[in-house]
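Below is one structure, written out as structure tokens; the observations come after it.
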Amino acid sequence: GENVEQHPSTLSVQEGDSAVIKCTYSDSASNYFPWYKQELGKRPQLIIDIRSNVGEKKDQRIAVTLNKTAKHFSLHITETQPEDSAVYFCAASMNSGGSNYKLTFGKGTLLTVNP
Amino acid sequence: KAGVTQTPRYLIKTRGQQVTLSCSPISGHRSVSWYQQTPGQGLQFLFEYFSETQRNKGNFPGRFSGRQFSNSRSEMNVSTLELGDSALYLCASTSGIQNTEAFFGQGTRLTVV
């Protein structure tokens, strides 16, 4: 089955700096890669996602890149703010027209943004 | 629209007991997935239901089971509880269309003593 590795497990940056979290996946059939943010005591919430037919996607300060050949994808957060502090999870999924929906998650990265 | 609702929010059970957790998806969503979240293992997929049918199952023992009703609400059952079953159980709701966002509930915190 699919396996997703996520690095680093913890990341501490100064406010205003950039943060990068990297993930690799094992199943070349995976075609959907969401990123979730989970604040302490709260539910995971989608912050950005990318599909395998796209190499890069950006939403304000957040961007995701995908390299299908190398089977890795990365989350980039620019101009970090204290409210970006949370645990970030990457995930991979292989969905095809009405088939099952299963997300395989990385172990998470605890991001701390220091004021 | 209302989000994903999980009940109860907290549970304390004794080893050997069984427990049933409930998840009400977003209105119109037909797919419900369940995940176990622990500090050591992160988020692990349990199973997914779509239109009352289990479409996929993760690598958990048979003590973990689930079902989905005609209104898309889902329940998850764990029998013969073990200490290691202590975790946050999250359900996620999707429309069923491929590669769309999964919306998570707040989770049920299960503690087995």
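Only the coordinates and a few stated rules stand behind these numbers; no lab work does. Since the model is a prediction, treat every value here as computed from it, not as a measurement. With ideal geometry, Cβ positions are generated from the backbone for all residues, glycine too; neighbour counts draw on all protein chains shown.
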Select from A:69, A:104, A:24 the residue whose mean-square fluctuation is largest in a Gaussian network model of chain A (Cα-Cα springs shorter than 10 Å). A:69
Inter-label distance, nm, simple model (7 Å from Cα along the C-beta direction), residue B:97/residue B:22: 3.0 nm
Report, in whole Å, the centroid distance computed from the Cα atoms of the stretch A:50-89 and the stretch B:26-69. 26 Å
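By counting other Cβ atoms within 10 Å of each Cβ, how are A:43, B:73 ranked from fewest to most?
B:73, A:43
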Going by amide H atoms built from the backbone, whose H comes under 5 Å of the H on residue B:31, apart from near neighbours? B:94, B:96
Counting other C-beta atoms within 10 Å, which of A:59, A:17 has the fewest, and how do the rest follow? A:59, A:17
With θ taken as phi - 60° and the coefficients 6.51, -1.76 and 1.60, list the Karplus ³J(HN,Hα) couplings across the stretch A:62-71 in order, rounded to whole Hz; mark glycine and proline as x. 10, 9, 10, 10, 10, 10, 5, 4, 8, 6
Quick one: give the max-minus-min coordinate of the C-alpha atoms of chain A along each principal axis, largest first, in Å. 44, 29, 21
Quick one: Debye curve from the alpha-carbon atoms of the protein assembly as shown only, equal weights, vacuum; give me log10 I(q)/I(0) at q = 0.15, 0.17 Å⁻¹ to two decimals. -1.00, -1.24
What is the Rg over Rh value, at two decimals, for the stretch A:14-64, using alpha-carbon atoms and the Kirkwood definition of Rh? 1.00
Non-local residues with an amide H under 5 Å from the amide H of residue A:102, with H modelled 1.01 Å from N and Pro and chain starts lacking one, are A:94
Sites residue A:29 and residue A:7 - FRET efficiency at Förster radius 25 Å, r taken between beta-carbons, to 0.05: 0.65
Inter-chain shielding of B:47-58 (mean C-beta neighbours from other protein chains, 10 Å cut-off): 2
Just checking the output field for A:39-46: average partner chain Cβ neighbours within 10 Å of each residue's Cβ? 5
Pick from A:38, A:60, A:14: which residue has the top mean-square fluctuation in a GNM of chain A where Cα pairs under 10 Å get a spring? A:60
Hey, what's the Cα Rg ratio for chain B versus the globular rule of thumb, 2.2 N^0.38 Å? 1.00
What FRET efficiency, computed as 1/(1 + (r/R0)^6) with R0 = 35 Å and r the Cβ-Cβ distance, is obtained for residue B:73 and residue A:72, rounded to the nearest 0.05? 0.40
Packing-based order for B:80-92, B:6-18, using average beta carbon neighbours within 10 Å, highest first: B:80-92, B:6-18
Applying the Karplus parametrisation 6.51 cos²θ - 1.76 cosθ + 1.60 with θ = phi - 60° to the phi angles of the stretch B:74-82, what ³J(HN,Hα) value in whole Hz is obtained for each residue in order, glycine and proline being reported as x? 10, 10, 10, 10, 10, 9, 6, 4, 10
Contact order relative to length for chain A, counting C-alpha pairs under 8 Å separated by 6 or more residues, stands in percent at 36 percent
Scoring chain B by relative contact order with C-alpha pairs under 8 Å, at least six apart, yields a percentage of 37 percent
For the pair residue B:13 and residue B:57, what calculated FRET efficiency results from E = 1/(1 + (r/R0)^6), where r is the Cβ-Cβ distance and R0 = 25 Å, to the nearest 0.05? 0.65
